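The block underneath contains the structure these notes are about, expressed in structure tokens.
The values are calculated or read from the model by the stated rules, or taken from the named source; none is laboratory data. Just so it is clear, the structure is predicted and the values come from calculations on it, not from any experiment. Cβ placement follows ideal geometry from the backbone for every residue including glycine, while neighbour counts extend to all protein chains displayed. Note: areas computed on protein heavy atoms with side chains; ligands, DNA, RNA excluded. Shrake-Rupley method; radii C 1.70, N 1.55, O 1.52, S 1.80 Å.
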Amino acid sequence: MSFTMICRGSLLLLLLTGLVSADPAKRLSDERPNFIIMLMDDMGYGDLGVMGEPNRETPNLDQMARDGVLYPEFYTGAAICSPSRAAMLTGRLPVRNGFYSTNNFGHNAYTPQEIVGGISDDEILLPELLKKAGYTTALVGKWHLGHRPQYHPMDHGFDTWFGAPNCHFGPYDDKETPNIPVYRDRNMMGRYFEDFQIDRKTGESNYTRQLADEAVSFLQSQVNASAPFFLLWTPDASHAPHYASKKFLGKSRRGLYGDAMMELDHSVGRILNALRDNNMTNTLVFFSSDNGAALVDKGHGGSNGRLLCGKQTTFEGGFRVPTIAWWPGQVAPGTVSHQVGTQMDLFTTFTQLAGQPIPDDRVVDGIDLTENLRDGSITDRNVFFYRGDLLMAARVGHYKSHIWTFTTPPEELGNGTDHCPGMSIANLTTPEQINRTDTPVVIDLSRDPGEMYQLPTYTDEYQTEVNKMYKVITDHVTDMVKGRPALDWCDQAVMNWSPSGCEALNDCLTPPKSDPYRCYWPH
């Protein structure tokens, strides 16, 4: 009997006994990587020790960077939570996927619980593509792409979910405003401040620990699974109001925010250790934040290091975020990559590594980072900075051109809100919206990531870069097809009054009469 006949016979026997799948995608499952995205909330560029935070209170994340790839030039898709998350999961700018509002020119919008809209069924999300490729998909943490039933994560590609649809604001009285529910899959398990406690006086809460427990439990459930997995882990303790469990309260030199950071760092260590302990290191893990630190917290929140301004703005402090990739055996440990990346690239990279085609019926803004991860090769790409549906700036190469400038509206400054506290740069940090298309403000980010020094307009360097930028922006705007805005309408009646599962908990609340109105977006 020939060697070939023996091999064919052996393979037939394995197929008949079920030890090898006849499905090519399943046969390749142990070769394709698992995926984890750890997406923090309002965590700033300067909040990690490896990024220069002087107290050095993030040992697990610092070690993750030493074991993996640090990306110091990585951007989010928007400078505020919901559009940022929509961009990451669709691989598309919020202006394309509809996560913006037309109510207030050049202002951000998001998904509070009175929002009517959410992620469109027309959008294809990363978990949907991975599920099609045979992956098991799980979300642990905040969703924020719409809280009404048709927008829930399990209708957009996730097999399981533990977490909340909105921010942990509150406590509310459950009369004028309901407290936010926490879900197990399709049914609520309770509400923040009632069943999932957050002590607003002390900051004590076990919720980060619960989210870490859920993540580790999910990983343990996948140890002997035949299919690869995708886990999106989205804790929100770094978003105000900050919280931490008793074990971490009072431990940080940075106050309650630092306590939350220390517990999040500890939780990252738990998840990575679970991968190591269970021999699941063929897992590509990306750690990042949904936007820059919220400087409105006035020293009680995160830090953007030397970057200009923070959350809500299109300056570097709003868009550039701490990012680390970890993939043992596939990436060179201790690498610092100057690839300009965006979180939309995770959509493209994960989809390609899973063996799925990128949708070709729409524009996808993410690029494939696979080669960069494996051999450090750099791909030239442009980055576009939107506030709402207004293009404010563009990065071409290492030059950033501001064609609109705007920080915090005067009425918000009068209320004590400032997205650029202590930062005043002529012609750049303007409280009014100023159109500078005719004479853009140009910054060389390789020399000046803090955006402090503008190229003189009379120099050849300025003229060269402005001409490049005009072409890039003209092409971008000409080809732009905006999605239908999902964040224009609000209604008190659609809040979390009676979520699915409330009957079993005797926790269904009576909503007011529907009265839709245009949402007000001050930022």
(message) Could you check the range 284-315 and list, in sequence order, the residues that are in contact with a Pro (Cβ under 6 Å, 6 or more places away or on another chain) and farther than 19 Å from Ala237 by Cβ?
(response) Leu284
(message) Among the listed residues Asn187, Asn166, identify the single one that is closer than 25 Å to Asn97 by Cα and out of contact with any strand residue (DSSP E or B) (no Cβ under 8 Å at 6 or more places or on another chain).
(response) Asn166
(message) For the range 284-308, which positions are over 19 Å from the mean Cα position of the chain (by Cα) and β-branched (Val, Ile, Thr)?
(response) Val296
(request) Could you please let me know if Asp297 is open to solvent by less than 40 Å² (accessible area, probe 1.4 Å) and modelled with pLDDT under 95? (result) yes
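Across the range 401-439, which residue is surrounded by the fewest Cβ atoms within 10 Å (Cβ to Cβ) among those that are among the hydrophobic types (A, V, I, L, M, F, W, C) and either closer than 27 Å to Gln463 by Cβ or within 24 Å of the chain's Cα centre (by Cα) (or both)? Give the steps one after another, and end with the answer.
Taking the range 401-439 and keeping what is among the hydrophobic types (A, V, I, L, M, F, W, C), we get 403-404, 406, 413, 420, 423, 425-426, 428, 434.
With either closer than 27 Å to Gln463 by Cβ or within 24 Å of the chain's Cα centre (by Cα) (or both) added as a condition, the list becomes 403-404, 406, 420, 425-426, 428, 434.
Numbers: Ile403: 22, Trp404: 20, Phe406: 25, Cys420: 23, Ile425: 19, Ala426: 8, Leu428: 22, Ile434: 14.
Filtering first and then ranking leaves Ala426.
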(request) With respect to Tyr470, determine if the residue is modelled with pLDDT of 95 or more, within 26 Å of the chain's Cα centre (by Cα) and aromatic (Phe, Trp, Tyr). (result) no
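Just give me the residues in the range 246-278 being of a type in the set (S, T, N, Q) and open to solvent by 40 Å² or more (accessible area, probe 1.4 Å), in sequence order.
Of the residues in the range 246-278, the ones of a type in the set (S, T, N, Q) are 252, 267, 273, 278.
Scanning the range 246-278 gives Asn273, Asn278.
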(message) So, in the range 220-245, exactly how many residues are out of contact with any helix residue (DSSP H, G or I) (no Cβ under 6 Å at 6 or more places or on another chain), of a type in the set (S, T, N, Q) and either assigned to a loop (DSSP other than H, G, I, E, B) or open to solvent by less than 10 Å² (accessible area, probe 1.4 Å) (or both)?
(response) 4
(message) Any residue in the range 453-478 that is within 18 Å of Asn382 (Cβ to Cβ) and outside any helix (DSSP H, G or I) sitting within a Cβ distance under 6 Å of a residue that is at pLDDT below 95 and not charged (D, E, K, R)? List the pairs, counting only those 6 or more apart or interchain.
(response) none
(message) I'm checking my understanding of the structure. Among residues of the range 345-400 that are out of contact with any Asp or Glu (no Cβ under 7 Å at 6 or more places or on another chain) and polar (S, T, N, Q), which one is surrounded by the fewest Cβ atoms within 10 Å (Cβ to Cβ)?
(response) Thr379
(request) Can you give me the number of residues within the range 149-168 that are among the charged types (D, E, K, R) and over 24 Å from Thr208 (Cα atoms)? (result) 1
(message) From the list Asp199, Asp213, exactly one residue is part of a loop (DSSP other than H, G, I, E, B) and among the acidic types (Asp, Glu). Which is it?
(response) Asp199
